[in-house]
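> Mind having a look at this structure? Questions to follow.
The values are calculated or read from the model by the stated rules, or taken from the named source; none is laboratory data. Computed from a predicted structure; not experimentally measured. Cβ sites come from the backbone with ideal geometry, for glycine too, and all protein chains shown count toward neighbours. When the accessible area is computed, the model is the full protein with side chains, heavy atoms only, and any ligands, DNA or RNA have been set aside. Shrake-Rupley method; radii C 1.70, N 1.55, O 1.52, S 1.80 Å.
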Amino acid sequence: GMAKGSPELYSALSSIQGSEIAYIPAAAAGFSGLALAGGLGLVAAAGGGGGAAAAPAIANIVTGTVLAGPVIAGNGLKVEIYQADGTTKLGESSLDASGKFSFNAGSYTGVVIAKVVDSGSGADYLDEATGLGKDLTATLWSASTITATNTTLTLNINALTTIAYAKMTHSPSASEVASTNAAVATAFGLADLTGTT
């Protein structure tokens with residue numbers, strides 16, 4: 001990982017074209033090896049039978065797994081999912097003992113903002129470098145778009161997706177989300193930002 005304030009991080013960020021980085025969370029550069037791999041699975045439930053054709057119910061499932069190093073049982077982490085405005089909450093889920101989360105976003109499609117928060121001060125994940133439990137002390141973000149029903153969207157959350165989210169305007173459009181994620185991925189030599197674990 002790159003140390004907070006490292007020349008490599010700022011050099012890589014300075015290569016992003018098209019917009020200026022106005023704000024980078026202080027803790028974003030301090031996370032090494034912390035990632036949350038998530039998938040936004042879109043599943044259509046079977047429609048009911050009967051005389052009149054009924055529209056099938058749509059259940060857009062948001063799910064993922066923490067890859068920060070193993071999560072510690074009893075961690076206080078949860079994932080909150082918002083619409084593009086960042087305030088209209090679609091749902092949330094605590095992480096289970098294996099680091100997975102899941103909830104039903106209903107039939108919502110559009111920009112999705114994911115936020116990982118810690119609801120307590122206890123250890124949340126095992127720092128594999130030291131072998132000690134660590135508390136998550138920063139908020140991690142990611143943004144992507146559910147473009148259609150019955151598709152799967154992989155949404156990872158890590159320090160780089162947090163940097164990309166910090167570059168976006170309030171209530172970003174789907175095109176802004178895509179272009180910003182692509183610019184940060186390119187700056188760090190990744191083919192895809194949200195789809196790379």
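> For residues that are among the β-branched types (Val, Ile, Thr) and within 16 Å of the chain's Cα centre (by Cα), scanning just region 69-87, find the one that is nearest to residue 134 (Cα to Cα). Break it down stepwise before answering.
We begin by selecting, within region 69-87, every residue among the β-branched types (Val, Ile, Thr); these are 71-72, 79, 81, 87.
So of that shortlist, the ones also within 16 Å of the chain's Cα centre (by Cα) come out as 79, 81, 87.
Values: 79: 18, 81: 24, 87: 28 Å.
It comes out as 79.
> Kindly indicate which of 116, 177 is within 30 Å of residue 187 (Cβ to Cβ), in a helix (DSSP H, G or I), of a type in the set (A, V, I, L, M, F, W, C) and within 16 Å of the chain's Cα centre (by Cα).
177
> Checking residue 87 against (1) at pLDDT below 85; (2) open to solvent by 40 Å² or more (accessible area, probe 1.4 Å); (3) assigned to a loop (DSSP other than H, G, I, E, B): exactly one of these is not met. Which one?
Among (1) at pLDDT below 85; (2) open to solvent by 40 Å² or more (accessible area, probe 1.4 Å); (3) assigned to a loop (DSSP other than H, G, I, E, B), the lone unmet condition for residue 87 is (1).
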